[in-house]
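The values are calculated or read from the model by the stated rules, or taken from the named source; none is laboratory data. Computed from a predicted structure; not experimentally measured. Counting neighbours? That spans all protein chains shown, and the Cβs are built from the backbone with ideal geometry, glycine included.
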Amino acid sequence: MGRRIGHPGIYLLPNLFTTSSLFAAYYSMIASIKHHYVTAVIAIFIGMIADGLDGRIARMTNTQTAFGGEYDSLADMVTFGVAPSLLIYNWNLQFQGKIGWLVAFLYTASVALRLARFNTQLEISDKRYFQGLACPAGAALLSSWVWICHQYHLSLMVLPFITMLLAVMIALLMVSNIRYQSFKKIDLKGKVSFLTVLMMVIIFIAIALNPATVLFLLSLAYAISGPVQTLIIMNKMRRNRRKSV
C-alpha cells in the first residue's frame, strides 16, 4: 500500500505481485466455499506476503505509479476484506442466521473504511504509525484463528460466538484511532545486532514447527499492542498532570 506518486504508466513487476495477491485471495474464496478451510487460510497468508512485496519492490525499483497504488488498494480489499469474511462465514457463521452474515459484513465494511481512510491520509500521516489496526494484521488474526481451531479440532458450542466477538473486535480496532507501529522505518539495508538475527531465526523455526499457533499468537500480540501502548501513554499523561498541579 502507499504507492501514489511516481512515474506514469504501468510497470510489470510490482503489479505482478499485486495480481498474485489478488489471485491468492480468489483461490482462498473458492477453497472456503468447498470447505477446504486450511487451504483457504494458507492462500490468504500467501496473498499477504505478495502484498507486502509489491510496495517494497516498487519503491526499491523506483516504479511507483498512481495506477499501481489504486490497483494495490483494490486488491487489498479482496485479500484482507472479502476473503477472510467469506472464510469465517463458510466456516461456522453461516449457521448463526442473520447475525452471522451481518458480523461477516461488518468486518468487510471495516476493511473498506480502513483502506479509504488510509488512502485519504497518505500524504499527511506519520509513517511510523498506522491509525487503527492495519488490514493485513486483522486478516492474519482472523484467518489464523480459523486455522488454530481446525488444527486442534475445536468444536465448542460457543465457538461461533467467539468468532463473532473476535471479528467485531478486529473491525472496531481497524476503524479506531488507536496507533500501531508500522515498522516502515526499519532499514533493511542497515546493520543489525547478532541478537536480532538470532531472534529472526527462532521466529522462523517456530513458525515452521507450528504455523497456526505461532501466527495466531504473533497477530494477537500485535493487535493487543495498540490498546496497551495507548493505555500506557494515557497513564503517563495523567501522572504528568498530577505532578504539574
Could you please find all residues in region 77-130 being closer than 20 Å to Cys149 by Cα and among the acidic types (Asp, Glu)? none
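Given the criterion outside any helix (DSSP H, G or I) and either of a type outside the set (Gly, Ala, Ser) or touching an Asp or Glu at 6+ places or on another chain (Cβ under 7 Å) (or both), identify the matching residue among Leu154, Leu220, Leu215, Leu173. Write out each step before concluding.
Values: Leu220 fails: outside any helix (DSSP H, G or I); Leu215 fails: outside any helix (DSSP H, G or I); Leu173 fails: outside any helix (DSSP H, G or I).
After ruling out the rest, the residue left standing is Leu154.
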Right, Gly6: touching a helix residue (DSSP H, G or I) at 6+ places or on another chain (Cβ under 9 Å), in a helix (DSSP H, G or I), modelled with pLDDT under 95 and surrounded by 14 or more Cβ atoms within 10 Å (Cβ to Cβ) or not? no
Out of Ile224, Ile162, Ile207, which single residue is under 23 Å from Val111 (Cβ atoms), among the hydrophobic types (A, V, I, L, M, F, W, C) and more than 15 Å from the chain's Cα centre (by Cα)? Ile162
Is at least one residue of region 67-75 under 23 Å from Ala140 (Cβ atoms) and of a type in the set (D, E, K, R)? yes
Is there a residue in region 35-54 that is crowded, with 23+ Cβ neighbours inside 10 Å, closer than 30 Å to Val158 by Cβ and of a type in the set (S, T, N, Q)? no
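Collect the residues in region 76-124 that are part of a helix (DSSP H, G or I) and acidic (Asp, Glu), keeping them in residue-number order.
Filtering region 76-124 for residues part of a helix (DSSP H, G or I) gives 76-91, 93-96, 98-120.
The answer is Asp76, and nothing else.
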Report every pair of residues separated by at least 6 positions or lying on different chains whose Cβ atoms are under 6 Å apart, first residue within region 201-227 and in contact (Cβ under 8 Å) with a residue 40 or more places away in the chain, second of a type in the set (Ser, Thr, Tyr) and in a helix (DSSP H, G or I). Leu215/Ser144; Phe216/Ser144; Ser219/Ser144
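Just checking, which of Gly138, Gly81, Gly132, Gly100 is farther than 25 Å from Thr230 by Cα, buried (at least 21 other Cβ atoms within 10 Å of the Cβ) and in contact (Cβ under 8 Å) with a residue 40 or more places away in the chain?
Details: Gly138 fails: farther than 25 Å from Thr230 by Cα; Gly132 fails: farther than 25 Å from Thr230 by Cα; Gly100 fails: buried (at least 21 other Cβ atoms within 10 Å of the Cβ).
Within the list Gly138, Gly81, Gly132, Gly100, the selection yields Gly81.
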